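A quick write-up on the structure given underneath.
The values are calculated or read from the model by the stated rules, or taken from the named source; none is laboratory data. These numbers were taken from a predicted model, which means no experiment stands behind them. Cβ coordinates were reconstructed from backbone atoms using ideal geometry, including for glycine residues, and neighbour counts include every protein chain displayed.
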Amino acid sequence: MAASIVKRVSRVKKLNVSHISARYKLLTGSRHFSTSKQWNKALVLGVYENESTDSIDFTGTARKFDEKADGKISQLLLTVKKPLKCGKTRTLHAVDPEFSSVLVTCIGKRGEGYDELETVDKGRESIRAAVAKAVLQLRELGENEIEVDSCGDTEASAEGCHLALFSYDDLKAEKSRKPAVRISCATRYSQDKNSMEKEWRKGAILAEGQNLSRRLMEMPANLLTPTKFAEIVKEQLADKCEVLVRDKDWAESMKMGSFLSVARGSVEPPVFLEIEYKGRQSDSPLALVGKGVTFDTGGISIKPSQGMDAMRGDMGGAACVVGSLLSVSKLQLPVHVKAFIPLCENMPSGSATKPGDVVTAMNGKTIQVDNTDAEGRLILADALCYSEQFNPSLILDMATLTGAIDVALGAGAAGVFTNSDDMWNKLQKASVRSGDRVWRMPLFNHYTKKITECQLADLNNIGGSRSGGACTAAAFLKEFVNNKNWLHLDIAGVMSNSGDVAYLGKGMSGRPTRTVIEFINLMSKETKN
Ligand code: BES
Ligand code: ZN
Ligand code: ZN
């Protein structure tokens with residue numbers, strides 16, 4: 001027993017950042033696969049839901065495969081009476097000499113699209129879920145090279161399988177890790193292979209961004225300190241972006257008293273990241289801001305210990321900013337983005353901020369910190385002020401900010417607070433494409449009053465009562481923003497997936513990275529950014 005503990009500890013100790021990212025590259029880039037490996041090839045084909053018991057409604061690609069196999073696939077499917085329903089699969093073997101398994105997956109009714117009440121494109125979501133299920137089943141069977149039907153929406157198909165195959169098992173023994181799988185798009189019967197490959201690549205890059213967010217969120221806080229977070233960002237983005245790593249002295253010189261009041265309880269030094277992607281020349285970048293609390297104990301207003309491990313994901317906003325930048329830069333979008341990420345731990349200690357302490361933010365506003373667990377808004381206050389200095393055309397912040405947004409919306413959607421109808425419409429449009437939903441929340445003066453009624457300072461960091469907690473948090477942030485196009489995304493409710501999203505495994509979700517990438521893509525089409 002003692003020996004095995006010693007062994008484990010030494011393995012964790014040895015694991016440094018470069019070790020982790022080397023394995024990360026191994027799992028995501030096909031060029032890293034060993035050539036001597038034994039490949040077991042499999043094929044995923046899509047069918048539409050169809051009541052008929054004597055015909056199969058194949059996708060275009062699937063029909064061609066069936067014809068090539070002399071109708072064997074349709075014959076085998078029709079040997080059982082019950083037609084395939086959306087989300088169900090059938091696995092066939094020995095139907096094609098090239099593939100050891102052919103898995104047929106049902107992608108729902110033909111022609112399904114935007115559902116207004118659900119605010120989602122049902123067709124695309126069904127494809128993501130159907131191919132995700134298919135590739136996971138094939139991986140279980142030991143298949144490791146899988147060709148996937150584009151199912152009429154190549155990008156959605158690529159997203160579904162790349163998101164489903166993600167797993168964070170870097171810290172596990174080799175035998176417990178999920179095997180690597182090579183996936184590609186079944187383009188052989190396509191009229192325009194090039195555009196299909198291009199769309200596949202776009203879907204894969206969107207998923208890759210979200211998978212980087214998931215990886216960062218899942219990493220334990222002893223390994224992912226603010227300093228390590230900055231190192232990983234440099235490794236992942238430095239060839240495409242400029243990455244500036246600011247230290248505590250810099251934050252002091254900028255008078256970021258609100259940010260530093262959170263960091264002071266920890267022995268881990270705070271870091272402020274400033275990242276720039278210049279896909280076009282402009283004087284008004286899009287500004288992204290992400291909450292980067294690498295662990296939130298609550299500070300002196302300490303949290304209950306049950307479930308506290310999830311607070312390693314309290315840098316989810318920061319992770320989604322980095323994941324979005326990875327995809328935006330890989331897609332070479334013609335847009336200018338600047339990102340601002342305050343990183344620190346929220347710990348209780350002899351040097352920690354105490355309830356009732358008053359701190360001063362970068363814009364000179366004083367804040368009475370009545371609850372040290374409402375720390376996200378304190379670090380964002382300074383980051384938002386700083387971002388304003390770069391004349392941004394819009395500011396979008398993301399933060400795992402309040403438990404209250406989870407009470408309000410659960411994992412159904414990220415809560416969005418914005419002063420711009422135009423921005424809201426664009427973000428919602430982006431979320432319909434990504435399937436990762438958003439829902440608008442109010443920025444009424446009603447909530448501002450709750451945080452401006454303060455005994456000692458200009459603002460109180462809590463609203464006084466638990467009611468409308470996500471709205472008072474947003475009202476607090478509003479005090480640090482002048483920009484006419486500001487969006488605040490409270491992502492605490494969508495931080496982790498417990499089975500709600502079929503194509504994401506259980507664990508940290510990386511939501512809403514793909515929505516933000518799609519949003520930036522939409523904005524890149526507007527001239528001024
Ligand atoms: N990091 C938490 C919010 C959170 C909760 C994120 C659940 C993910 C899942 C945040 O810093 C926090 O503790 N907020 C407090 C605010 C309260 C003290 C006003 C909360 O929501 O309870
Ligand atoms: Zn907190
Ligand atoms: Zn927090």
- request: Collect the residues in the range 335-361 that are out of contact with any Leu (no Cβ under 9 Å at 6 or more places or on another chain) and part of a loop (DSSP other than H, G, I, E, B), keeping them in residue-number order.
  value: 347, 348, 349, 350, 351, 352, 354, 355
task: For the range 274-308, enumerate the residues that are within 12 Å of ligand 3 (Cβ to nearest atom) and in a loop (DSSP other than H, G, I, E, B).
output: 291, 297, 298, 299, 301, 303
- prompt: Counting just the residues of the range 77-97 that are exposed (fewer than 13 other Cβ atoms within 10 Å of the Cβ) and among the charged types (D, E, K, R), which one comes out nearest to residue 425 (Cα to Cα)?
  reply: 85
query: How do the pairs read when you match residues in the range 391-403 that are assigned by the TED database to the domain that holds residue 282 with residues anywhere that are within 13 Å of ligand 3 (Cβ to nearest atom) and assigned to a loop (DSSP other than H, G, I, E, B), using Cβ under 6 Å and keeping only pairs 6 or more apart or on different chains?
result: 398/491; 399/291; 400/314; 400/491; 400/492; 400/495; 401/492; 402/492
- line: How many residues of the range 132-180 are aliphatic (A, V, I, L, M) and surrounded by fewer than 20 Cβ atoms within 10 Å (Cβ to Cβ)? The answer is 5
- prompt: Just to be sure, is residue 110 closer than 14 Å to residue 48 by Cα and outside any loop (DSSP other than H, G, I, E, B)?
  reply: no
query: Just checking, how many residues over the range 348-366 are touching an Asp or Glu at 6+ places or on another chain (Cβ under 8 Å) and within 15 Å of ligand 2 (Cβ to nearest atom)?
result: 1
- prompt: Is it fair to say residue 323 is surrounded by 24 or more Cβ atoms within 10 Å (Cβ to Cβ), touching a residue at least 40 places away in the same chain (Cβ under 8 Å), under 24 Å from residue 487 (Cβ atoms) and within 14 Å of ligand 2 (Cβ to nearest atom)?
  reply: no
Candidate set: the range 360-381, residues that are away from ligand 1 (no atom under 16 Å from the Cβ) and not polar (S, T, N, Q); chosen: the one surrounded by the most Cβ atoms within 10 Å (Cβ to Cβ): 361
- request: Filter the range 440-464 down to the residues that are more than 31 Å from the chain's Cα centre (by Cα) and of a type in the set (Gly, Ala, Ser), then identify the one that is nearest to residue 373 (Cα to Cα).
  value: 464
message: Please verify whether residue 316 is buried (at least 17 other Cβ atoms within 10 Å of the Cβ), at pLDDT 95 or above and within 16 Å of ligand 3 (Cβ to nearest atom), treating the condition exactly as stated.
response: yes
message: I'd like to know if the range 487-497 contains one or more residues that are out of contact with any His (no Cβ under 7 Å at 6 or more places or on another chain), buried (at least 19 other Cβ atoms within 10 Å of the Cβ) and of a type in the set (D, E, K, R).
response: yes
message: Can you pull out every residue in the range 423-447 that is in a helix (DSSP H, G or I) and within 25 Å of residue 393 (Cβ to Cβ)?
response: 423, 424, 425, 426, 427, 428, 429, 430, 431, 432, 433, 434
message: Residues that are farther than 16 Å from residue 316 by Cα and without any contact (Cβ under 8 Å) to a residue 24 or more places away in the chain: list the helices (runs of 4 or more DSSP H) wholly contained in the range 193-253 that include at least 2 such residues.
response: 193-218, 248-253
